[in-house]
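Peer 1: One structure coming up, written as structure tokens, with questions to follow.
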Amino acid sequence: MKQLKLLLLAVVVVMVVLVLSYEKIISNILLPQYISWAHETDAKGLEIGTPLEEQQLLLATEIGIQNPEKVRIVYVDAVPFPYENFALRVLGEALGFVGEGIVNNAQVFGYSIYTRTGYELDKPKLAHELVHVLQIERSSLEAVITQHFSDLAKYGYENAPLEVEAFKANQKSSGEY
């Protein structure tokens, strides 16, 4: 009986340690991997992407982007995600980035906006993505990714502060160019 109690106590201690350290695992191991991948994805997007057109540049300037000429739109069959990294894929599924039934229509990596082919990036939707460019420009890709991951876990997508700011741009920029 005493051995069973000791075994149960050991299991509880291990579980508590794991629960308390999961944030450290994410922030010290997984986030740096994702951030590195995101920088590579941005660099590729800057090489292959399409510059903004005149009306899109005006919208980017109105939103407050300091360097709108750097923004590129990359049309892809599927918005990229590091699926080959098992731990990042599990994290992405837990945060709702990827997974069964989830379609990511557009995502920003620095100045690169990756957009799913067939997704109409109209003025309100482009404004939303440009706000994400602005958020990165105001701080850094690392800071935005770190905040966004934390916010998704805490608030969910719809209520994450970075998304709330971007959704306001959708409303503000409704209509045509």
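Peer 1: Go through region 128-150 and report how many residues are over 17 Å from residue 61 (Cβ atoms) and either open to solvent by 20 Å² or more (accessible area, probe 1.4 Å) or among the β-branched types (Val, Ile, Thr) (or both). Walk me through how you get there before you give the answer.
Peer 2: Filtering region 128-150 for residues over 17 Å from residue 61 (Cβ atoms) gives 139-150.
Subsequent filtering for residues that are either open to solvent by 20 Å² or more (accessible area, probe 1.4 Å) or among the β-branched types (Val, Ile, Thr) (or both) retains 139-140, 142-148, 150.
Total satisfying the criteria: 10.
Peer 1: Okay, moving on. Here are the criteria: (1) open to solvent by 30 Å² or more (accessible area, probe 1.4 Å); (2) within 24 Å of residue 167 (Cβ to Cβ); (3) modelled with pLDDT under 95; (4) assigned to a loop (DSSP other than H, G, I, E, B). Tell me which single one residue 98 does not satisfy.
Peer 2: For residue 98, the failing item is (1).
Peer 1: Which condition number in (1) of a type outside the set (Gly, Ala, Ser); (2) without any contact (Cβ under 8 Å) to a residue 24 or more places away in the chain; (3) crowded, with 16+ Cβ neighbours inside 10 Å is the one that residue 158 fails?
Peer 2: It is condition (3) that residue 158 fails.
Peer 1: Got at least one residue in region 32-50 being crowded, with 19+ Cβ neighbours inside 10 Å, of a type outside the set (A, V, I, L, M, F, W, C) and either farther than 21 Å from residue 135 by Cβ or modelled with pLDDT under 95 (or both)? Write out each step before concluding.
Peer 2: Start the filter on region 32-50 by keeping residues that are crowded, with 19+ Cβ neighbours inside 10 Å, which leaves 34, 38, 41-42, 45, 49.
Then drop every residue that is not of a type outside the set (A, V, I, L, M, F, W, C), which leaves 34, 41-42, 45, 49.
Now restrict to residues that are either farther than 21 Å from residue 135 by Cβ or modelled with pLDDT under 95 (or both): 34.
Yes, that holds for at least one residue.
Peer 1: Next question. Look at region 44-61 and say how many of its residues are without any contact (Cβ under 8 Å) to a residue 60 or more places away in the chain and in a helix (DSSP H, G or I). Walk me through how you get there before you give the answer.
Peer 2: First pass over region 44-61, keeping only residues without any contact (Cβ under 8 Å) to a residue 60 or more places away in the chain: 47-48, 50-54, 57-58, 61.
Filter again for in a helix (DSSP H, G or I), leaving 47-48, 54, 57-58, 61.
Of the residues in region 44-61, 6 are without any contact (Cβ under 8 Å) to a residue 60 or more places away in the chain and in a helix (DSSP H, G or I).
So that you can scan it fast, the table gives a plain yes or no per residue for (1) open to solvent by 20 Å² or more (accessible area, probe 1.4 Å); (2) under 20 Å from residue 31 (Cα atoms):
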{"position": "104", "(1), (2)": "yes, yes"}
{"position": "115", "(1), (2)": "no, no"}
{"position": "119", "(1), (2)": "yes, no"}
{"position": "152", "(1), (2)": "no, yes"}
{"position": "162", "(1), (2)": "no, yes"}
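Peer 1: Of a type in the set (Lys, Arg), open to solvent by 60 Å² or more (accessible area, probe 1.4 Å) and under 17 Å from residue 104 (Cα atoms): is that true of residue 125 in this structure?
Peer 2: yes
Peer 1: Would you kindly identify the helices (runs of 4 or more DSSP H) lying entirely within region 111-176 that contain at least 3 residues that are among the aliphatic types (A, V, I, L, M) and out of contact with any His (no Cβ under 6 Å at 6 or more places or on another chain)? Break it down into steps so the answer makes sense when it comes.
Peer 2: On the way: elements: 123-138, 141-155, 161-172.
Here the list reads 123-138, 141-155.
The values are calculated or read from the model by the stated rules, or taken from the named source; none is laboratory data. Being a predicted model, the structure only gives us computed values, none of them experimental. Counting neighbours? That spans all protein chains shown, and the Cβs are built from the backbone with ideal geometry, glycine included. Just the protein is used for accessible areas: all its heavy atoms, side chains included, with ligands, DNA and RNA removed. Shrake-Rupley method; radii C 1.70, N 1.55, O 1.52, S 1.80 Å.
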